[in-house]
Amino acid sequence: MTTPLSGEQYQIKFGDHQATICSVGAAVREYRVGGRDVFVPFDADQVSPVYNAAILAPWPNRLGGGRYEFEGYTGQLPVNEIDRTNALHGLLCWENWWLIRHGHSDVTLEFDLPARAGWPYQLRFTVRYWLEDDGLHCRFTTTNIGQKTAPVGVGFHPWLSAGDAVLDQCEVRLDATSHVLNDSRLLPTGETEPVAGDYDLRMRRSLAGLDLDDAWVGATYDGEGRSWCILYCPDGKAPAVWMDQSMDVWQVCSADHIPNYRRFGLAAEPMSCIADAFNTKDRLIELAPGTQHQVQWGATLLDA
């Protein structure tokens, strides 16, 4: 027997909620409620097309030129966003994680990231996914198992599904008050601005004509301590992602410039830091030996 391209498959269920986690990247290959996709799925025997529901660590988003300096060490990591000469989305997306536990409604996977050229740190990542009445939950723990303090950032990359509609027929809402300014390589300039115009998504608004691949800070949280990105669709459903106060950065992408996948979904990415944090040190986690850092996010299907 051969293993599917996305690795071992771990299905979890709770009521009308069903998700499949794959061992490659510990990604959520599919998540649906009552048969309606919340995330854009991909096939088991398919390489994740556009970082679908991937874990982004030890940095999310972009690292300029793959270069960074941390505590006197200068590192060079592989550049995999060739056109912009950036190192994109960390080192975990294509690794095969091992199973710790698989229950009916939960699964836990783990991966040890060894030191390598350009990365003299040792980290253990543990991810637990579980389903409840209110949807999919994810708790992600980073543990420094090495002897050096390590730079760390964390993010996640679910693509919200418009169902049978197209993005231009949908609306979006995002709980954030400041927009991050980028240069032509989508690296932050160091400045933010209060949300206005196309970047003010605090009230639901049409996605028609909106071309987004941007970060927001100044996340706002509801009474349960959750910040939301919600896609309102014509079928009366609203796929949604939330993060708790362990994270305070959103990245939203409408996929306008991704060949073969233009506007195929809306990326709603909770993150602990914005792009290039290894260099800017903005919101960078400096994880000492023997210590842990934990974040939590989730997703569900609301009524539009």
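The values are calculated or read from the model by the stated rules, or taken from the named source; none is laboratory data. What you see is a predicted model; the values in this text were computed from it and never measured. Note that we place each Cβ from the backbone using ideal geometry, even for glycine, and neighbour counts take in every protein chain shown.
Kindly list, by first and then second residue, each pair from a residue in segment 151-172 that is outside any loop (DSSP other than H, G, I, E, B) to a residue that is among the basic types (Lys, Arg), limited to pairs with Cβ atoms under 7 Å and residues at least 6 apart or on different chains. Final answer for the pair search is LEU167/ARG263; GLU171/ARG204; GLU171/ARG205; VAL172/ARG204; VAL172/ARG205. For segment 1-46, residues that are among the β-branched types (Val, Ile, Thr) and under 19 Å from the mean Cα position of the chain (by Cα) total 6. When residues in segment 245-281 are screened for being among the β-branched types (Val, Ile, Thr) and either without any contact (Cβ under 8 Å) to a residue 12 or more places away in the chain or not in a loop (DSSP other than H, G, I, E, B) (or both), 3 of them pass.
All conditions in (1) in a strand (DSSP E or B); (2) over 22 Å from ALA268 (Cα atoms) hold for ASP45, with the sole exception of (1). Every condition in (1) over 15 Å from the mean Cα position of the chain (by Cα); (2) not in a helix (DSSP H, G or I) holds for ASP83 except the one numbered (2).
Restricting LEU210, LEU186, LEU201 to those that are part of a loop (DSSP other than H, G, I, E, B) and under 24 Å from LEU63 (Cα atoms) reduces the list to LEU186.
Residues of segment 65-80 that are in a loop (DSSP other than H, G, I, E, B), in contact (Cβ under 8 Å) with a residue 40 or more places away in the chain and either surrounded by 15 or more Cβ atoms within 10 Å (Cβ to Cβ) or in contact with a Cys (Cβ under 6 Å, 6 or more places away or on another chain) (or both): GLY66, LEU77. Scanning segment 180-209 for residues that are surrounded by fewer than 18 Cβ atoms within 10 Å (Cβ to Cβ), closer than 18 Å to CYS253 by Cβ and among the aliphatic types (A, V, I, L, M) turns up LEU181, VAL195, ALA208.
Just to verify a result, which residue in segment 126-151, among those that are buried (at least 23 other Cβ atoms within 10 Å of the Cβ) and under 21 Å from PHE70 (Cβ atoms), is nearest to the chain's Cα centre (by Cα)? Top of the filtered list is THR142. Within segment 282-304, residues that are over 17 Å from ALA57 (Cα atoms) sit with their Cβ atoms under 9 Å from residues that are of a type in the set (S, T, N, Q) and exposed (fewer than 14 other Cβ atoms within 10 Å of the Cβ), at 6+ positions apart or across chains, in these pairs: PRO289/GLN147.
Based on what the data block shows, is ILE230 surrounded by fewer than 22 Cβ atoms within 10 Å (Cβ to Cβ), at pLDDT 95 or above, closer than 30 Å to ALA19 by Cβ and among the β-branched types (Val, Ile, Thr)? No; evaluated as a whole, the condition is false for this residue. Checked against (1) within 17 Å of the chain's Cα centre (by Cα); (2) outside any loop (DSSP other than H, G, I, E, B); (3) under 21 Å from LEU284 (Cβ atoms), CYS93 meets all criteria but (2).
Yes/no matrix, rows are residues, columns are (1) surrounded by 16 or more Cβ atoms within 10 Å (Cβ to Cβ); (2) closer than 25 Å to ARG124 by Cα; (3) of a type in the set (S, T, N, Q):
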{"residue": "PRO239", "(1), (2), (3)": "yes, no, no"}
{"residue": "PHE264", "(1), (2), (3)": "yes, no, no"}
{"residue": "MET271", "(1), (2), (3)": "yes, yes, no"}
{"residue": "LYS281", "(1), (2), (3)": "no, yes, no"}
{"residue": "LEU284", "(1), (2), (3)": "yes, yes, no"}
{"residue": "ALA299", "(1), (2), (3)": "yes, yes, no"}
